[in-house]
1. Among the candidates B:Arg51, B:Arg80, B:Arg102, single out the residue that is of a type in the set (D, E, K, R) and within 16 Å of ligand 3 (Cβ to nearest atom).
2. Got a sec? Which helices (runs of 4 or more DSSP H) wholly within region A:89-168 have at least 3 residues that are away from ligand 4 (no atom under 16 Å from the Cβ) and under 30 Å from B:Ala92 (Cβ atoms)?
3. Quickly run through region B:97-115 and pick out the residues that are surrounded by fewer than 24 Cβ atoms within 10 Å (Cβ to Cβ) and within 9 Å of ligand 2 (Cβ to nearest atom).
4. Check region A:4-12 and report whether any residue there is free of Cβ contacts under 8 Å to residues at least 60 places away in the same chain and in contact with an Asp or Glu (Cβ under 8 Å, 6 or more places away or on another chain).
5. Limited to region B:10-37, what total is found for residues that are part of a loop (DSSP other than H, G, I, E, B) and within 12 Å of another protein chain (Cβ to nearest Cβ)?
6. Pick from B:Gly109, B:Gly141, B:Gly55, B:Gly135: which is without any contact (Cβ under 8 Å) to a residue 40 or more places away in the chain and within 14 Å of chain A (Cβ to nearest Cβ)?
7. Away from ligand 3 (no atom under 13 Å from the Cβ) and either open to solvent by less than 40 Å² (accessible area, probe 1.4 Å) or assigned to a loop (DSSP other than H, G, I, E, B) (or both): does that describe A:Glu73?
Amino acid sequence: MHFTINGQAYDADLDIRTSLLDLCREHLGLTGSKKGCDHGQCGACTMLVNGRRINSCLTLAVMHQDDEIVTIEGLGTPENLHPMQDAFVRHDGYQCGYCTPGQICSAVGMLDEVKKGWPSHVSGDLTSAALSDEEISERMSGNICRCSAYPNIVDAISEVAGLTPAEREVAGA
Amino acid sequence: MKTFTYTKAQSPEAAVAEAGEGVRFIAGGTNLLDLMKLQVMTPDKLVDISRLDLGRIEQREDGGLTIGALVPNSDLAADRRVIDGYPVLSRALLAGASGQLRNKASTGGNLLQRTRCYYFYDTATACNKREPGSGCAAIGGFNRIHAILGASDKCIATHPSDMAVAMRALDATVVTLKGDGDRRRISIHDFYRLPGDTPEIENVLEPGELITHVELPGPPQGEQLYRKVRDRASYAFALVSVAGVVKVEDGKIASAALAFGGLAHLPWRDFEMEAMLVGQAPSTALFEAAADKLLAGARGHGSNDFKIPLARRTLIACLRDLTGV
Ligand SMILES: Cc1cc2nc3c(=O)[nH]c(=O)nc-3n(C[C@H](O)[C@H](O)[C@H](O)COP(=O)(O)OP(=O)(O)OC[C@H]3O[C@@H](n4cnc5c(N)ncnc54)[C@H](O)[C@@H]3O)c2cc1C
Ligand code: SF4
Ligand code: FES
Ligand code: FES
């Protein structure tokens with residue numbers, strides 16, 4: 001099977017049952033994406049597929065041979081961090097760090113959804129997608145953090161989104 | 001996971017031609033793979049339908065919408081025509097799962113997702129739905145999330161979908177393609193089955209029948225809302241949910257469509273209760289009478305007894321919001 005991950009071509013000889021997550025972690029040495037639950041319940045495995053965030057544990061690798069896949073390794077490097085990675089570091093958006101790659105990929109995908117105007121469950125007006133702390137929490141609810149670093153995660157994301165303190169406090173935006 | 005063979009379908013016709021005994025379609029995979037990992041579902045063959053050209057939402061001349069079976073839940077929720085004409089559907093979708101899951105979950109797969117009954121997921125326990133004739137561990141066991149309406153002594157599971165509840169309130173139609181090339185149009189009201197003696201059969205689809213589209217009639221008049229009551233504020237299945245579309249005219253209820261999640265083996269609707277509301281002036285007394293009607297046959301199984309008063313209060317609160325009482 002052939003894959004394009006972080007702009008690089010890969011070949012792999014896989015058992016048909018292999019998930020996209022296991023392909024990366026077990027076969028390609030891309031261990032940044034984490035396995036928390038393997039059942040879509042935690043978000044630690046979040047990757048960007050054709051720009052959209054998904055849980056890579058609940059999809060088969062074989063179904064993604066024609067897709068552009070981006071993992072945490074493809075977002076930035078230690079020397080050249082993605083702005084979201086940089087913000088997580090500065091705001092201490094983690095403790096153990098296990099959920100962090102998934103949080104960061106998810107946050108990048110989420111900001112893109114906001115740019116497209118997608119509403120959320122807490123949006124008062126479905127036709128506007130204004131961010132706030134409440135909106136960030138709802139939109140990031142698919143990423144669980146056992147260390148409960150949530151306040152700092154929201155700080156990091158709101159900084160990258162360029163929210164003012166007043167914008168952050170809006171409820172039911 | 002039990003192994004399987006895999007083919008990628010190039011057309012709906014090719015997909016149904018591949019189908020048969022032991023074969024499953026895979027769309028988003030978010031429910032099927034979850035259950036395959038636990039060997040609750042063990043297909044011999046997967047037919048990948050995820051790249052079929054069924055991913056569009058189209059406006060029909062009669063004013064309704066035709067939604068391709070592969071439209072992801074997130075795209076459907078954010079579609080401007082859905083937001084404007086069917087906000088109850090957007091709200092129901094946005095109340096379900098997570099951003100990542102909604103990006104993968106398809107319209108067809110969402111309708112067909114299976115129950116979240118703990119025993120259905122646990123192959124070490126008895127479950128008539130998973131293994132017909134083995135018994136039901138939920139009856140007399142933990143059944144906090146289980147049904148209070150329409151259950152049987154074989155199965156008390158609930159249907160977990162939020163989207164399907166809105167689809168039921170909106171009188172949707174499921175359009176299918178069968179192996180012999182026939183197309184069917186099935187009203188959502190006839191689509192799902194009560195558990196009865198065969199809880200393993202959840203809907204009227206024949207083996208190998210492909211959902212190609214879901215049709216909505218033109219946007220209904222009146223107020224719309226979706227309210228979901230759950231154990232945490234996000235990323236949790238409904239204990240009770242209500243999809244409501246109610247129109248008030250000249251101080252009287254002119255029409256009412258109310259569908260319920262979390263209460264039964266299927267998204268529940270009680271047309272007799274709706275008829276009680278129509279033509280009446282909205283009032284708390286009327287709403288209480290409607291709740292009495294809805295729940296007249298309700299039965300708790302121990303840990304889910306709380307759902308009866310919860311459903312009652314949720315319905316009354318929704319009717320107040322929908323009518324401004
Ligand atoms: C952690 C978690 C939380 C969730 N929370 C919620 C929630 O709060 N509310 C909610 O509503 N849902 C929730 N879901 C469920 C989610 O919405 C479903 O998993 C999803 O909608 C299924 O769609 P899919 O395309 O991934 O289906 P798949 O997994 O691909 O398929 C599901 C079933 O449908 C069949 N199928 C799929 N498409 C077709 C078709 N076109 N024709 C015929 N058969 C077909 C498949 O063979 C399979 O049997 C949650 C899921 C998870 C994992
Ligand atoms: S309620 Fe239904 S799904 Fe749950 S154990 Fe009983 S038979 Fe199985
Ligand atoms: S590992 Fe994929 S969601 Fe938990
Ligand atoms: S930082 Fe430890 S789980 Fe999130």
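The values are calculated or read from the model by the stated rules, or taken from the named source; none is laboratory data. What you see is a predicted model; the values in this text were computed from it and never measured. A quick note on method: Cβ atoms are made from the backbone with ideal geometry, for glycine too, and the neighbour counts reach across all protein chains shown. The area values use the complete protein model at the heavy-atom level, side chains included, leaving out ligands, DNA and RNA. Shrake-Rupley method; radii C 1.70, N 1.55, O 1.52, S 1.80 Å.
1. B:Arg102
2. It comes to A:100-115, A:133-139.
3. The answer is B:Arg114, and nothing else.
4. No, region A:4-12 contains no residue that is free of Cβ contacts under 8 Å to residues at least 60 places away in the same chain and in contact with an Asp or Glu (Cβ under 8 Å, 6 or more places away or on another chain).
5. 5
6. B:Gly55
7. It is false that A:Glu73 is away from ligand 3 (no atom under 13 Å from the Cβ) and either open to solvent by less than 40 Å² (accessible area, probe 1.4 Å) or assigned to a loop (DSSP other than H, G, I, E, B) (or both).
Okay, residues lined up against (1) in contact (Cβ under 8 Å) with a residue 12 or more places away in the chain; (2) more than 11 Å from chain B (Cβ to nearest Cβ); (3) in a loop (DSSP other than H, G, I, E, B); (4) under 14 Å from the mean Cα position of the chain (by Cα):
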{"site": "A:Ile16", "(1), (2), (3), (4)": "yes, no, yes, no"}
{"site": "A:Glu26", "(1), (2), (3), (4)": "no, yes, no, no"}
{"site": "A:Leu30", "(1), (2), (3), (4)": "yes, yes, yes, no"}
{"site": "A:Lys34", "(1), (2), (3), (4)": "yes, yes, yes, yes"}
{"site": "A:Gly40", "(1), (2), (3), (4)": "yes, no, yes, yes"}
{"site": "A:Gly43", "(1), (2), (3), (4)": "yes, no, yes, yes"}
{"site": "A:Leu48", "(1), (2), (3), (4)": "yes, no, no, yes"}
{"site": "A:Arg53", "(1), (2), (3), (4)": "yes, no, no, yes"}
